[in-house]
Amino acid sequence: NGTQKMFYSDPNVLFFSVHRFDRGSFYPGGQDGSPLCVGAGRGYGANINVGWNGGGAGNAEYLAAWHRVLLPAARQFDPDLVL
């Protein structure tokens, strides 16, 4: 979660994470991985969390997240570098 926090208000960095969330109860816990955490200030919208509640997310769910959310966001952001 340190990377997310570092760039949370930075409009020059698109950060996204795909993970198990369980309404904040899954390790490490807290709301940092919430889909509602979308950045702040000028960085609003440049932070994307795809967090699942409960186990069982498989290939279909991951592919849907990438094709419907993450890849379109990355294309629109048009980064110079991807890490």
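The values are calculated or read from the model by the stated rules, or taken from the named source; none is laboratory data. Since this is a predicted model, take the numbers as computed values, not measurements. Cβ placement follows ideal geometry from the backbone for every residue including glycine, while neighbour counts extend to all protein chains displayed. Please note that ligands, DNA and RNA were not included when accessible areas were found on the heavy atoms of the full protein model with its side chains. Shrake-Rupley method; radii C 1.70, N 1.55, O 1.52, S 1.80 Å.
For the reader, a short list of remarks on this structure follows.
- Sequence-distant residues sharing a close amide H with PHE21 (under 5 Å, placed H): TRP52, ASN53, GLY54
- For PHE16, nonlocal amide neighbours, meaning residues 5 or more places apart or on other chains whose placed amide H falls under 5 Å from its own, are ILE48.
- Ellipticity estimate at 222 nm from DSSP helix runs (n ≥ 4, -39,500 (n - 2.57)) divided over the chain, nearest 500: -6000 deg cm²/dmol
- Cα-based shape type of the chain, given that a ≥ b ≥ c are square roots of the gyration tensor eigenvalues and the cut on a/c is 1.5: oblate
- For the chain, the list of chymotrypsin sites (Phe, Trp or Tyr not before Pro) that fall in a loop by DSSP and count at most 16 other C-beta atoms within 10 angstrom reads TYR44.
- Protein heavy-atom accessible surface, 1.4 Å probe, per residue over the chain: 70 Å².
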